[in-house]
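Student: Sharing a structure, written as structure tokens. Questions coming.
The values are calculated or read from the model by the stated rules, or taken from the named source; none is laboratory data. The structure displayed is predicted, hence computed values, not measured ones. In this analysis, Cβ positions are derived from the backbone assuming ideal geometry, glycine residues included, and neighbour counts consider all displayed protein chains.
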């Protein structure tokens, strides 16, 4: 996966980009409808439920 901020390749289990230190947000599954939610989304694209990230 590449960093959306600087384009650097990010190791699989990294929490931050090794080059620019931006926090990596991974895709998730919506708890309401079960659809995939892209990492940078604020709402589920399928059902519109707001995303709460830990």
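Student: Looking at the stretch 32-54, which of its residues are at pLDDT 90 or above and assigned to a loop (DSSP other than H, G, I, E, B)?
Tutor: 32, 33, 34, 35, 44, 45, 46, 47, 48, 49 - these are the residues of the stretch 32-54 that are at pLDDT 90 or above and assigned to a loop (DSSP other than H, G, I, E, B).
Student: Next question, about the same structure. Among the residues of the stretch 1-31, how many are in a strand (DSSP E or B) and either under 23 Å from residue 52 (Cβ atoms) or in contact with a helix residue (DSSP H, G or I) (Cβ under 9 Å, 6 or more places away or on another chain) (or both)? Lay out the reasoning, then the answer.
Tutor: Step one: of the stretch 1-31, the residues in a strand (DSSP E or B) are 2, 9, 16, 23, 28-29.
Add one more test, that the residue is either under 23 Å from residue 52 (Cβ atoms) or in contact with a helix residue (DSSP H, G or I) (Cβ under 9 Å, 6 or more places away or on another chain) (or both), and what stays is 16, 23, 28-29.
Qualifying residue count for the region: 4.
Student: Six or more apart or on different chains, Cβ atoms under 8 Å: show the pairs whose first residue is in the stretch 34-46 and closer than 18 Å to residue 3 by Cα and whose second is modelled with pLDDT of 95 or more and part of a loop (DSSP other than H, G, I, E, B).
Tutor: If the second residue must be modelled with pLDDT of 95 or more and part of a loop (DSSP other than H, G, I, E, B), no pairs are left.
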